[in-house]
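First up is the structure itself, then whatever we jot down about it.
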Amino acid sequence: MKTSTRCQDRTYLARSMAKPFMPEKNPGREKFVVPGSKLGVIEEFTAGKGTYETDGAIYSHHVGLATTDTSKKAVSVVPKNDPILPAEGQNIIGQVTHAMEKIAVIDIVKIGNKLSPTPFTGVLHISASSPRYEKSMSEVCRTLDIVRAKVASTTDGIIRLMTVGDNLGVLKAYCSNCGYPLALRRRLLKCDRCNNTEKRKLADDYNS
Amino acid sequence: MSKEKAPERLIDDSGLRIDGRRPEDLRPIKLEVGVLENADGSAFIQQGKNKILVGVFGPREIHPKHMVLPDRAVIRCRYRMAPFSTEERKNPAPSRREIEISKVIREALEPAVMSEYYPRTVIDIFIEALQCDGGTRCAGIVAASLALADAGISMKELVSACSAGKVGGQVVVDLCDLEDKYGEADLPVALMPNLSAVTLIQMDGKLSREEFEKALDMASEACRQIRNFQAEALRHKYQGMVDTEEPPATGEASK
């Protein structure tokens, strides 16, 4: 009997060493939840994304699907309808409304792939505009230009943008003399109407 | 001017109210979510003869800029009664009552909205009462809460609301217009049922301490029922996206 038990123990030990216990996510435990739906208590789970904890209980703060990750002992909610807001790391498309010496103000109209119903205001500082040293914002972008930028941060609700990157920068520029769209001739932008030449920090797909 | 006459009795001998309900009965409620295409979130409520439409916009950039709050979103609410919503034409200009109700609805919803997630933005709530039959502030809160959830705004809990009051010497729930006008007292209550938190309580008229406690209990119970209808309405809108049921967490957590 003893041998047999030892043998069983060894088999168990060998099996457990070969394949460590790794519980998988259980997609069958997805539940539809609304704001305020109780998801569990803090002794069971940690409060993940889309949830909050109060008085030892975890609640959803979105309409969505609650999923429990048994390996991480976490519960989170994937929202069904997120508001369209600029988030850090997202690419945006917008129009320059004011270009000053060191700062440009940009009206954000597209966030990721979604059009924003009302524009948000972002700020582009000259130090985050180009990998090179830029003397003035007029060499990066000017008023009315269409730019693609990345959201660098949204701390305190201020949307700070950056255009460092090949795919980031001006997508379409307009002549500061006559307002005619500028065409790319070699590395400079030229106005076909008044022959004015200007400089910008261009995205690699300018005017395409 | 008005055709309306004061009813002789608001509760008959068999204990039924003027519209045939028992004291603890709610009026029939119909809730719909996502009824407006152009709003970020919307809802429609029909509670008895009340018909209220709510649209929510935001979080979006705030104008005028001087209203901005650096650490959270501003919540703006406008409650409005349509000129054709009452028996007599209502002047479309914003009245003192509408301005006050806008304020109390905003204050009833503010504790539920996690506005600190959306600094420097605004959330606009537009409540349009198309047909009024008493208890429109409560119905407005119920629909506004749904519209906020439909807009994807983070909320601690759905806010549900219902009124209780004293009519013909009896404490009743969900007063209609006649009961509201000719009854002895009215007590609108808004509640976050799962958190057991009251976000609005007002009282018009006189109630004894016992009557007040009974009315509050009845209104809270009605709010819990309405909360289930709200969850059902949200599930109905998103039913194409989900297969599973909502956990029955409401009852336990609220006690």
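Things to note:
- Scanning the range B:49-71 for residues that are buried (at least 19 other Cβ atoms within 10 Å of the Cβ), over 13 Å from the mean Cα position of the chain (by Cα) and not acidic (Asp, Glu) turns up B:Gly55, B:Val56, B:Phe57, B:Gly58, B:Pro59, B:Arg60, B:Ile62.
- Residue-level analysis places B:Ala82 outside the set of residues that are open to solvent by less than 30 Å² (accessible area, probe 1.4 Å) and within 14 Å of another protein chain (Cβ to nearest Cβ).
- Residues that are open to solvent by 60 Å² or more (accessible area, probe 1.4 Å) and within 21 Å of the chain's Cα centre (by Cα), drawn from the range A:92-116: A:Gln95, A:Val109, A:Lys110, A:Asn113, A:Lys114, A:Leu115
- Filter result for A:Asp204 (charged (D, E, K, R), surrounded by fewer than 20 Cβ atoms within 10 Å (Cβ to Cβ) and not assigned by TED's automatic domain parsing to the domain that holds A:Gly122): yes
- Qualifying position, being farther than 19 Å from A:Leu168 by Cα, in a loop (DSSP other than H, G, I, E, B) and of a type in the set (Asp, Glu), among A:Glu53, A:Glu44: A:Glu44
- Among all residues of the range B:234-243, there is at least one that is modelled with pLDDT under 95, farther than 18 Å from B:Ala147 by Cα, among the charged types (D, E, K, R) and assigned to a loop (DSSP other than H, G, I, E, B).
- Pick from the range B:199-227, criterion of a type in the set (D, E, K, R) and within 16 Å of B:Ser145 (Cβ to Cβ), ranking: surrounded by the most Cβ atoms within 10 Å (Cβ to Cβ): B:Arg227
- From B:Asp25, B:Asp40, B:Asp19, B:Asp12, residue being within 14 Å of another protein chain (Cβ to nearest Cβ) and of a type outside the set (A, V, I, L, M): B:Asp40
- Residue check for B:Asp25: of a type in the set (D, E, K, R) and more than 23 Å from B:Gln202 (Cα to Cα): no
- Odd one out for B:Pro119, checked against (1) crowded, with 23+ Cβ neighbours inside 10 Å; (2) within 14 Å of another protein chain (Cβ to nearest Cβ); (3) not in a strand (DSSP E or B): (1)
- A:Gly89 meets all of the listed conditions (1) surrounded by fewer than 17 Cβ atoms within 10 Å (Cβ to Cβ); (2) away from every other protein chain (no Cβ under 11 Å); (3) within 22 Å of B:Leu158 (Cβ to Cβ) but one, namely (3).
- Residues that are touching a Gly at 6+ places or on another chain (Cβ under 8 Å) and crowded, with 21+ Cβ neighbours inside 10 Å within the range A:33-51 comprise A:Val33, A:Gly50, listed in sequence order.
- Considering the range A:155-171, and only residues there that are open to solvent by less than 50 Å² (accessible area, probe 1.4 Å) and within 14 Å of the chain's Cα centre (by Cα), the residue that is farthest from the other protein chains (Cβ to nearest Cβ) turns out to be A:Leu161.
- Hey, B:Glu87 more than 14 Å from chain A (Cβ to nearest Cβ), touching a residue at least 40 places away in the same chain (Cβ under 8 Å) and surrounded by fewer than 17 Cβ atoms within 10 Å (Cβ to Cβ) or not: yes
- The single condition among (1) open to solvent by less than 30 Å² (accessible area, probe 1.4 Å); (2) at positive phi; (3) within 13 Å of chain A (Cβ to nearest Cβ) that B:Val33 does not meet is (2).
- Within the range A:65-84, being closer than 23 Å to A:Ala47 by Cβ, assigned to a loop (DSSP other than H, G, I, E, B) and open to solvent by 40 Å² or more (accessible area, probe 1.4 Å) holds for A:Thr70, A:Ser71, A:Lys72, A:Lys73, A:Lys80, A:Asp82.
- The numbered conditions (1) under 16 Å from B:Gly48 (Cβ atoms); (2) within 14 Å of another protein chain (Cβ to nearest Cβ) are all true for B:Arg224 except (1).
Conditions (1) in a loop (DSSP other than H, G, I, E, B); (2) among the small types (Gly, Ala, Ser), marked per residue:
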site	(1), (2)
B:Gly134	yes, yes
B:Ala149	no, yes
B:Gly152	yes, yes
B:Asp186	no, no
B:Leu191	no, no
B:Asn194	no, no
B:Leu200	no, no
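- For the residues B:Ala147, B:Ala139, the requirement of being farther than 30 Å from A:Ile159 by Cα and either in contact with a strand residue (DSSP E or B) (Cβ under 8 Å, 6 or more places away or on another chain) or open to solvent by 10 Å² or more (accessible area, probe 1.4 Å) (or both) singles out B:Ala139.
- Looking at B:Arg120, B:Arg106, B:Arg137, just one residue is of a type in the set (Lys, Arg), more than 19 Å from B:Ala219 (Cα to Cα) and modelled with pLDDT of 95 or more, and that residue is B:Arg106.
- Test: B:Ser163 is polar (S, T, N, Q), in contact (Cβ under 8 Å) with a residue 12 or more places away in the chain, within 14 Å of another protein chain (Cβ to nearest Cβ) and surrounded by 22 or more Cβ atoms within 10 Å (Cβ to Cβ): no
The values are calculated or read from the model by the stated rules, or taken from the named source; none is laboratory data. The model shown is predicted, which means the values in this text are computed figures rather than measured ones. Don't worry about glycine lacking a Cβ; one is built from the backbone with ideal geometry, like all the others, and counts go over all protein chains shown. When the accessible area is computed, the model is the full protein with side chains, heavy atoms only, and any ligands, DNA or RNA have been set aside. Shrake-Rupley method; radii C 1.70, N 1.55, O 1.52, S 1.80 Å.
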